[in-house]
Amino acid sequence: MINDVNGQQVGQNHAQTNGVADPALPPNIYQQPMEAAIMEARQQTQCHIYNYESQWRCYAMGYSWRADMPFRFALGSFIEDKVNKVEIVQLSTANHKFIQRQVFDHQYPPTKIMWIPDREGHRHDLLATSGEHLRIWKVDMENGRTDIRAELKNIKQSEYASPLPSFDWNIDNPNVLGTCSIDTTCTIWDLEKETIKAQLIAHDKEVYDISFAAGVDCFASAGADGSIRQFDMRNLEHSTIVYESKEQAPFVRVAWNRSTTCYLACIMMNSNKVLIMDIRYPVSPILAVSYTHLRAHETSLHLVCRLLLEKKKKKKK
């Protein structure tokens, strides 16, 4: 039995008699079958998955931070040619479909795409891409155009530059951006001055990824030498090897936990597991999570991108 607000007992027979709702109870409680009420509640809380199918094979993707530009992302093509494409796609509130808002050319496939971490929209609407150089783009959504703002090269005196596998934007200071290169270096950029703040040899082999921790000083890098290293920009002469694989298998991705600087996640090359480690106890990872179930969805001609972490399973020969 259940007590009502007046302390009186309310039972099933008291609540409903011959399908007529009790006038003493709030309306609409017994005016529809229980199954219909459950279905309506599920529909109200149901998550929707929206698909977008690009006309090019896709590789890099970056989701927008800005609150006034919801459900917007940039998508980079993977074309075996010098001229590639970057699409800016946004969810239409009219028909609830992703539509292409802009598209512009990009030299070679972009290895990574990121929007400036500016949720309030106080700064210019900027987009960064990495490839053979770091490029900063200024996006004008109203006029439907995107212009190159800066092209930042690690080595100015050389015509050729080592490719940049990845980069990261400092969330706490959007004026700072870090890149990693296959020439074993990491470079920290001052975007306002478009100059290098610091450049260091981070690993013995290629550096495949870089990630800033919460704050403005620390970042981590993943290298082909099989190590994850931590750096402090206040003292770049020294670094800390957070973890080193016994097989010296290359690390290709690294990411900080944004809530605490104690935890790092990383991925080895040709591995289907995400290693999560506590840098206070760097001897071995505390957890290994498989992500093979988060896979890409591929048609015969195109790659369909979903807003999920994705990894394609290797097809058996």
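The values are calculated or read from the model by the stated rules, or taken from the named source; none is laboratory data. Note that the structure is predicted; figures quoted are calculated from it, not measured. Counting neighbours? That spans all protein chains shown, and the Cβs are built from the backbone with ideal geometry, glycine included. Just so you know, the surface numbers come from the protein's heavy atoms only, side chains and all, with ligands and any DNA or RNA stripped out. Shrake-Rupley method; radii C 1.70, N 1.55, O 1.52, S 1.80 Å.
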Handout entry: Identity of the residue in the stretch 199-217, charged (D, E, K, R) and free of Cβ contacts under 8 Å to residues at least 24 places away in the same chain, that ends up least open to solvent (accessible area, probe 1.4 Å)
Key = ASP217
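Hey, could you check the stretch 80-90 for residues that are open to solvent by less than 50 Å² (accessible area, probe 1.4 Å) and more than 14 Å from THR146 (Cα to Cα) and say which is nearest to the chain's Cα centre (by Cα)? Before the answer, list the steps.
Here is the first cut: in the stretch 80-90, the ones open to solvent by less than 50 Å² (accessible area, probe 1.4 Å) are 84, 86-90.
Now drop any that are not more than 14 Å from THR146 (Cα to Cα), which leaves 84, 90.
Details: ASN84: 21, GLN90: 16 Å.
Filtering first and then ranking leaves GLN90.
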Problem - Of the criteria (1) part of a loop (DSSP other than H, G, I, E, B); (2) among the charged types (D, E, K, R); (3) modelled with pLDDT of 85 or more, which one ARG253 fails - result: (1)
Problem - Residue satisfying all of: in the stretch 49-72; of a type in the set (Ser, Thr, Tyr) and surrounded by fewer than 17 Cβ atoms within 10 Å (Cβ to Cβ); nearest to ALA94 (Cα to Cα) among these - result: TYR50
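Go through the stretch 225-244 and give me each residue that's open to solvent by less than 10 Å² (accessible area, probe 1.4 Å) and aliphatic (A, V, I, L, M). I'd like the intermediate steps shown before the answer.
Within the stretch 225-244, the first condition is being open to solvent by less than 10 Å² (accessible area, probe 1.4 Å), and the residues that meet it are 226-228, 231, 242.
Scanning the stretch 225-244 gives ILE228, VAL242.
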Practice task
Scan the stretch 245-264 residue by residue and report those that are within 16 Å of GLY223 (Cβ to Cβ), open to solvent by less than 40 Å² (accessible area, probe 1.4 Å) and in contact with a Ser or Thr (Cβ under 9 Å, 6 or more places away or on another chain).
Solution key: SER245, ALA249, PHE251, VAL252, VAL254, LEU264
Completion exercise
Given (1) part of a strand (DSSP E or B); (2) open to solvent by less than 30 Å² (accessible area, probe 1.4 Å), ILE267 misses just (2)
Handout entry: Condition broken by ARG101, with the remaining ones in (1) at pLDDT 95 or above; (2) closer than 15 Å to PHE167 by Cα satisfied
Key = (2)
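Quickly run through the stretch 169-183 and pick out the residues that are open to solvent by 10 Å² or more (accessible area, probe 1.4 Å) and closer than 19 Å to GLY131 by Cα. Quick ask: steps written out before the conclusion?
Just the residues of the stretch 169-183 that are open to solvent by 10 Å² or more (accessible area, probe 1.4 Å), to begin with: 171-175, 182-183.
Passing the criteria: ILE182, ASP183.
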Handout entry: the stretch 241-250: number of residues that are touching a residue at least 24 places away in the same chain (Cβ under 8 Å) and in a strand (DSSP E or B)
Key = 3
Exercise for the section: Report whether or not GLU151 is charged (D, E, K, R), open to solvent by less than 40 Å² (accessible area, probe 1.4 Å) and in a strand (DSSP E or B). Expected result: no
Handout entry: ALA220 open to solvent by 20 Å² or more (accessible area, probe 1.4 Å) and either of a type in the set (A, V, I, L, M, F, W, C) or touching a helix residue (DSSP H, G or I) at 6+ places or on another chain (Cβ under 6 Å) (or both)
Key = no
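Just name the residue that is farthest from PRO250 (Cα to Cα) out of those in the stretch 184-198 that are open to solvent by 70 Å² or more (accessible area, probe 1.4 Å), in contact (Cβ under 8 Å) with a residue 12 or more places away in the chain and in a loop (DSSP other than H, G, I, E, B). Lay out the reasoning, then the answer.
Residues of the stretch 184-198 that are open to solvent by 70 Å² or more (accessible area, probe 1.4 Å), as a first pass: 192-194, 197.
Imposing the further condition that a residue be in contact (Cβ under 8 Å) with a residue 12 or more places away in the chain reduces the set to 192, 194, 197.
The next check asks that each one be in a loop (DSSP other than H, G, I, E, B); those that pass are 192, 194.
On the way: GLU192: 34, GLU194: 31 Å.
In this case the residue turns out to be GLU192.
Do you know which of the residues in the stretch 91-138 that are aliphatic (A, V, I, L, M) and open to solvent by 50 Å² or more (accessible area, probe 1.4 Å) is nearest to CYS58 (Cα to Cα)? Step through it out loud before you land on a result.
First, pick out the residues of the stretch 91-138 that are aliphatic (A, V, I, L, M): 91, 94, 99, 103, 113-114, 116, 126-128, 134, 136.
Remaining after also requiring open to solvent by 50 Å² or more (accessible area, probe 1.4 Å): 94, 99, 103.
Values: ALA94: 26, ILE99: 16, VAL103: 13 Å.
Restricting to residues being aliphatic (A, V, I, L, M) and open to solvent by 50 Å² or more (accessible area, probe 1.4 Å), the top hit is VAL103.
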